Amino acid sequence: MVTVASYAVRETKEGRSFICLELQGGLEIVQSNQTGKFYATTKRCSLPCTFNEDTAKLLVGTQMQGEIVKRETEPYEFTNKTTGETMMLDYTYEYQGSVSTGVLGDMKLVERQTV
C-alpha cells in the first residue's frame, strides 16, 4: 500500500509545467551500514500525472494498492538537498502497481502499469 504524500509542480526541458504525485510507502526499519544502529524510514518516489494542481491537492492522503520498489539504473550524481552532500547512486525507486483492474478511492485502474 502506498500513500499520496504530496505533489509537486515540475518543469520539462522545454519549459512546460506538469504535476507529479509524491508517493510514500509504509514504515521500514533498516540498519545503518556505517553505525550499525537501526532507524525508521519510508521509500518515496514521484509519479507524473495528467491531473491539474487542484485535483492533485485533493488526492493527498489517498492510499493505493501497490508498492515502491528499488530499481538499478546507470550511475548518476545526486545532491542531498538537506545536507548538500553529493554522492553517486546506481538505483532509483519507482511505483509498481499490484492490481490489473479495480477501483482506488474514486479512481478506476484499467490495467497494470510500471512507471
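List of remarks:
- Checking Glu22, Glu28 one by one, the residue that is touching a strand residue (DSSP E or B) at 6+ places or on another chain (Cβ under 6 Å), within 19 Å of Tyr93 (Cβ to Cβ) and at pLDDT 95 or above is Glu22 and no other.
- Condition check for Glu72: farther than 22 Å from Val9 by Cα and either over 14 Å from the mean Cα position of the chain (by Cα) or assigned to a strand (DSSP E or B) (or both): yes
- Scope the stretch 14-35; condition of a type outside the set (Ser, Thr, Tyr), more than 14 Å from Asn52 (Cα to Cα) and without any contact (Cβ under 8 Å) to a residue 24 or more places away in the chain; matching residues: Glu14, Gly15, Leu27, Glu28, Ile29, Val30, Gln31, Asn33, Gln34
- Within the stretch 12-25, tally of residues that are surrounded by fewer than 12 Cβ atoms within 10 Å (Cβ to Cβ) and touching a Phe, Trp or Tyr at 6+ places or on another chain (Cβ under 8 Å): 1
- Number of residues in the stretch 8-29 that are in a loop (DSSP other than H, G, I, E, B) and farther than 14 Å from Cys45 by Cα: the value is 6.
- Within the stretch 1-13, not a single residue is within 15 Å of Glu94 (Cβ to Cβ), in contact (Cβ under 8 Å) with a residue 24 or more places away in the chain and touching a Lys or Arg at 6+ places or on another chain (Cβ under 6 Å).
The values are calculated or read from the model by the stated rules, or taken from the named source; none is laboratory data. Because the structure is predicted, anything quoted here is derived from the model rather than measured. Note that we place each Cβ from the backbone using ideal geometry, even for glycine, and neighbour counts take in every protein chain shown.
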